[in-house]
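The structure under discussion appears below in the form of structure tokens.
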Amino acid sequence: MSLIKGAKNLENAKKWYDWALTPEAQSIGAQAKVSYQVPSNKNANAPPQAPKFSEIKFINYDFAKYGSSAERTRLLTKWDKEVSALPK
């Protein structure tokens, strides 16, 4: 979620944002049987259908390196040269 600077209804957006982060709000999807994501609020209960992070093999991602502007530019340039330029 994001709040947009200068938004027309910023105060209402802030109220909704605050509500959406509550444990009660984050349990609605599972109760309605439509959404089973892992809640971002540590006080909310994850539904049994939610992915179990302890069972997932994650990569060791270096956010400092790959999140930098210089690395992003390098990777996009490489993509354009090596992948995007391939015949279609």
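The values are calculated or read from the model by the stated rules, or taken from the named source; none is laboratory data. Bear in mind the structure is a predicted one, so any value in this text is a computation, not a measurement. No Cβ is skipped: glycine too gets one built from the backbone with ideal geometry, and neighbour counts run over all protein chains shown.
Remarks
- Picking from residues in the stretch 20-73 that are loosely packed, with under 13 Cβ neighbours inside 10 Å, of a type outside the set (V, I, T) and under 16 Å from the mean Cα position of the chain (by Cα), the one that is nearest to M1 (Cα to Cα) is S40.
- Flag if L76 is over 18 Å from the mean Cα position of the chain (by Cα) and surrounded by 11 or more Cβ atoms within 10 Å (Cβ to Cβ): yes
- Restricting the stretch 63-76 to residues that are in contact with a helix residue (DSSP H, G or I) (Cβ under 9 Å, 6 or more places away or on another chain) and of a type in the set (D, E, K, R), the residue that is modelled with the lowest pLDDT: K65
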